[in-house]
Amino acid sequence: MFSLAIEGTDQVVAARKEESLLDACLTQGVPLPYNCRSGECGECLARLVNGKVRELPGADPAIYSDEMRRDGLILTCMCYPETDIVVNVPLRATSQPQIQHFDAVIERVTWFGERTAQVTMRCPTPIDFRSGQYFEWFAPGTSSARSYSASNLPGSTQLEFLVRIYPGGKVSSLLQRHELAAGDIVSLRGPFGSYVFNPDDPGSAIFVAGGTGLAPIKSIVESALASETSRQLILFYGARNKQELGCAEKLQQWAGQYPQLQFIPVLSEEPENSDWTGRRGTVVDAMKSELGEQFGAQAYLCGPPPMVDLATAVLERSGLSPADIYCDKFVPALSSEV
């Protein structure tokens, strides 16, 4: 066990060698900045003032370069202590919900086509999280944690998740074979993430989601509507077909109830002879035709990296500042266990 101190503050936490510097701080209530926890966003960048760390491979070289390493900068999500550590990093001013480790019971698994499963769990106590945050699953039969965003309102004993089914994926296979089903227990840890929304901010809010990237977006939109926000909410959602679109049924209902919400679903592989009369193609194509100038707006994107990158470019051409575009790229686990 080592000590981890934040230079310029009185914050000192215990750091285990098998736990990242970031997780050691978050678990003990020290609000380090972060988002992805996987070396892809760069938000947890800190300066190593004293001590020695072990860095895991896999950080995005476009975010974290060898030059930054030589300059003494580290990503706290990718570094593990080998001695006592002192880092210099600006702490977040806003507090986050306490990270918990608890067991939840699967109530039901609902399928929307062959690629999307909604997993509803019951927790022992109401769970505090912010809409847009995610939880780690430690499912039976898996060797490491998997991260899934909650898709429902915070504060209840129920958690809902959308799971993308990947060929050969460990969690995917368990769900497909019904070896992870109603009545089974899953250990959860969280919440994590800073992908959150302020209903009182000025300007419109544009949401872009693809596939199971809808999960955090749905939670954010539901919370915004519950807060009676006056902001205009525009949601573009891309799915393959009508079956997959079933996971967005509540959003379609809310769009009919709340005048501030505009919901634009887009299907990319719906059969031509179906009764679908909505938009076809990609969600980015729909954005190009629907979005005019959007100066002063904010955008929240979640889905596959290619979609996020293309949608970001469209938003910037519509007048959004890069600082007002918040992205969460959904990628499968690096191993075969997804």
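The values are calculated or read from the model by the stated rules, or taken from the named source; none is laboratory data. Values in this document were obtained by computation on a predicted structure and should not be read as measured data. Counting neighbours? That spans all protein chains shown, and the Cβs are built from the backbone with ideal geometry, glycine included. Note: accessible area is taken over every heavy atom of the protein model, side chains too, but ligands, DNA and RNA are not part of it. Shrake-Rupley method; radii C 1.70, N 1.55, O 1.52, S 1.80 Å.
Which net charge results when you count Lys and Arg as +1 and Asp and Glu as -1 among the other residues whose beta-carbon is under 12 Å from that of I106?
Details: positive: R108, R122; negative: D103, E107, E160, E179, D184.
Residues close to I106 contribute a combined charge of -3.
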- Query: Tell me, what is the per residue accessible area of segment 1-112 in Å², probe radius 1.4 Å?
  - Reply: 51 Å²
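Counting only other residues whose beta carbon sits under 15 Å from that of H178, what net charge do I get with K and R as +1, D and E as -1?
Values: positive: R108, K170, R177; negative: E107, E114, E179, D184.
Within the 15 Å Cβ shell, the charges total -1.
What FRET efficiency comes out for the pair E293/V49, r = Cβ-Cβ distance, R0 = 45 Å, nearest 0.05? Each step should come with its number before you reach the end.
On the way: r = 46 Å, r/R0 = 1.02.
Calculated transfer efficiency: 0.45.
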- CD proxy, 222 nm, the chain: helix-only mean residue ellipticity via -39,500 (n - 2.57) per DSSP H run with n ≥ 4, per residue, nearest 500, stands at -5500 deg cm²/dmol
- Query: With all protein chains present, how much of the accessible area of segment 17-84 (probe radius 1.4 Å) comes from carbon and sulfur, to the nearest whole percent?
  - Reply: 48 percent
- Selection from P202, A239, N273, by position along the positive dipole direction of segment 188-338 (Cβ): A239
- Note on the structure: Counting only backbone N atoms under 19 Å from a point 7 Å out along Cα-to-Cβ of T83, the residues of segment 48-67 in range are 48-56
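For a protection proxy built on the mean count of beta-carbon atoms within 10 angstrom, sort 40-46, 142-148 highest first, please.
Values: 40-46: 20.3, 142-148: 16.1.
The most tightly packed comes first, giving 40-46, 142-148.
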- Query: Carbon and sulfur: what percent of segment 142-259's accessible surface (1.4 Å probe)?
  - Reply: 45 percent
- Message: Compute a Gaussian network model of the chain, connecting alpha carbons closer than 10 Å, and tell me which residue from F236, F138, F295 fluctuates the most.
- Response: F295
- Note on the structure: Amide H neighbours of Q100 at under 5 Å, excluding residues fewer than 5 places away on the same chain, with H built from the backbone geometry, are G190
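When the gyration tensor of segment 136-227 is built from Cα positions, what are the square roots of 5 times its three eigenvalues, in whole Å, from largest to smallest? List each step's numbers first, then the result.
Working: eigenvalues 163, 41, 26 Å².
Gyration-tensor ellipsoid for segment 136-227: 29, 14, 11 Å.
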- Could you work out how far apart the two model spin labels at N198 and E67 are, taking each label as a point 7 Å from the Cα in the direction of the beta carbon, and quote it in nm? 3.3 nm
- Query: Long-range amide H contacts for Y326: which residues qualify at under 5 Å (H placed 1.01 Å from N, peptide plane, sequence gap of 5 or more or a different chain)?
  - Reply: A299, Y300, L301
- Near K288, which lysines are there with a Cα under 18 Å away, not counting those fewer than 8 places off in the same chain? none
